[in-house]
Amino acid sequence: MSIAESLLAEFEVQAPVTRRFLERLPEDKLTWKPHEKSMTAGQLAFHIAAVPGGVIRFVQNNPAQAPDFRNAARFPQPASGEEILKTFEESIATVRSMLPKVDDAAMAETWRMLAGEREGLVQPRGEFLRDVMLSHWYQHRGQFSVYLRMLSVAVPATWGPSADELPAFMQKAQSA
Amino acid sequence: MAAIVAPILSEFREEIPATRRVLERVPADKLAWKPHPKSRSLGELAMHVASIPAMAERIAKTDEFTAGSAAPAVANTVEDIRAAFEKNARAAEEHLGQMSDQTAQGNWRLVFRGKEIFNKPRAAVLRTTMLNHMYHHRGQLSVYLRLLDVPVPVVYGPTADENPFA
């Protein structure tokens, strides 16, 4: 299995799990935030929706210029849940079309992210994809699970049960 | 170390400092705090994060595990939590470092209520149940820190308090 196939296989399992999180954000809570320094629930959901497609596009350039993290426009406030889900569907489509084209040689190639003039990151492209398209995505989905909990929304199961649900891979034991 | 587990060990090592930073910020006097009645307390969540690397040894040494059969480790102090993380991280490095390709490719089962939940190569279990699962809970912990007005450390990128690329 190539590196791209392995990342894509994992992504295909996790995308439907992530969709359950995004679908559960109440329409009237898009601007809610747990703390004044936090992203709003809508911003965080939109970020989670946009990350996979944005990251696979980002690594097409080498070096790539880091976004201006101080610019608040980096994390747009969506107007509706529908906008979040539409962005997520586009993100999934982008991953499906672009990820398989990154062969193992391109995955092993040294990839650079510039932050202004200096090198912010230097690592194999495949490692950056693993870290930022997936691990960083899971980190934000974990954050979002606390948001849903605080909003008294049932939290989807992920790697194991939440206080509300068993993951699909455990439900067969529950029902048996 | 064998080839199959090499990227998992390498990634785990890269993730240790960020996980340590998050655990070091856990305030000693807030371990019983929780953001919602259904949530884990701060102490429970932090100890869970600190304990996840211990899965490496369990996965390396056994062929299966019954979910819910081991009581979660309990921490009374932040020192307990940090010490558990350091011990478990060292053990994970050791067990991953010794894992042969044959062991990494060998299947490992999760059992729940007498039924098999999954049965897949150890390398795949390490990827999902150790690494990805740890990132998920570390993300939750970062929100807990925010809610407690603790500056949130850098994990993958800038937080509202710190920027690794500045």
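The values are calculated or read from the model by the stated rules, or taken from the named source; none is laboratory data. Everything numeric in this text was worked out from a predicted model, so none of it was measured. All Cβ positions, even for glycine, are placed from backbone atoms using ideal geometry, and neighbour counts span all protein chains on display. We work out accessible area using only protein heavy atoms, side chains counted, and drop any ligands, DNA or RNA first. Shrake-Rupley method; radii C 1.70, N 1.55, O 1.52, S 1.80 Å.
Of note:
- Whichever lysines have a C-alpha closer than 21 Å to that of B:Lys87, once near sequence neighbours (fewer than 8 apart) are set aside: B:Lys61
- Whole-Hz couplings from phi, Karplus 6.51/-1.76/1.60, listed for segment A:138-148; x for Gly and Pro: 5, 4, 6, 5, x, 4, 5, 4, 5, 4, 4
- Relative contact order of segment B:43-166, pairs being alpha-carbon contacts under 8 Å that are 6 or more residues apart, as %: 27
- Overall, the accessible surface of segment A:77-176 at a probe of 1.4 angstrom is composed of carbon and sulfur to the extent of 52 percent.
- Of all aspartates and glutamates in the structure, the ones whose alpha carbon falls short of 20 Å from that of B:Lys120, not counting any fewer than 8 places away in one chain, are A:Glu5, A:Glu10, A:Glu12, B:Glu57, B:Asp63, B:Glu64, B:Asp101.
- Those lysines that a straight Cα-Cα span of less than 30 Å connects to A:Lys33, excepting residues fewer than 8 apart in one chain: A:Lys86, B:Lys30, B:Lys34, B:Lys38
- Label-to-label distance for A:Glu119 and A:Ser2 is 2.6 nm, based on points extended 7 Å past Cα in the beta-carbon direction.
- Calculated accessible area for segment B:113-166 comes out at 33 Å² per residue, all protein chains present (probe 1.4 Å; ligands, DNA, RNA ignored).
- Carbon plus sulfur fraction of accessible area for chain B, probe 1.4 Å, in percent: 50
- Distant-in-sequence amide H partners of B:Trp108 (H built 1.01 Å from N, under 5 Å): B:Lys120, B:Arg122
- Our coupling estimate for segment A:42-56, obtained by passing each phi through the Karplus curve with A = 6.51, B = -1.76, C = 1.60 and θ = phi - 60°, is x, 4, 5, 4, 5, 4, 4, 5, 8, 4, x, x, x, 6, 5 Hz, Gly and Pro reported as x.
- Averaged over its residues, chain A has an accessible area of 46 Å² per residue, based on protein heavy atoms and a 1.4 Å probe.
- Rolling a 1.4 Å probe across the protein heavy atoms gives segment B:42-104 an accessible surface of 49 Å² per residue.
- In nm, spacing of pseudo-spin labels at B:Ala70 and B:Ala3 (7 Å Cα→C-beta vector): 3.1
- Between segment B:96-166 and segment A:63-120, the Cα center-to-center distance that results, in Å: 22
- For chain A, modelled as a GNM whose springs connect Cα atoms under 10 angstrom apart, the maximal fluctuation among A:Arg74, A:Arg24, A:Arg57 occurs at A:Arg74.
- Antiparallel DSSP beta bridges within chain A, percent to nearest 5: 75
- Per-residue Karplus couplings for segment B:128-138, computed as 6.51 cos²θ - 1.76 cosθ + 1.60 with θ equal to phi - 60°, are listed in order as 8, 7, 8, 6, 4, 4, 5, 5, 4, 6, 5 Hz, Gly and Pro entered as x.
- Förster radius 41 Å - calculated FRET efficiency between B:Glu57 and A:Asp103 (Cβ-Cβ, nearest 0.05): 0.70
- For A:Ala64, the residues whose amide H sits under 5 Å from its own are A:Arg112, A:Met113, A:Leu114, ignoring neighbours fewer than 5 places away on the same chain, with H placed 1.01 Å from N.
- Legend: mean number of C-beta atoms from other chains within 10 angstrom of residue C-beta atoms, peptide B:126-138, equals 6.
- Computed with a 1.4 angstrom probe on protein heavy atoms, the A-B interface buries about 3200 square angstrom of accessible area in total.
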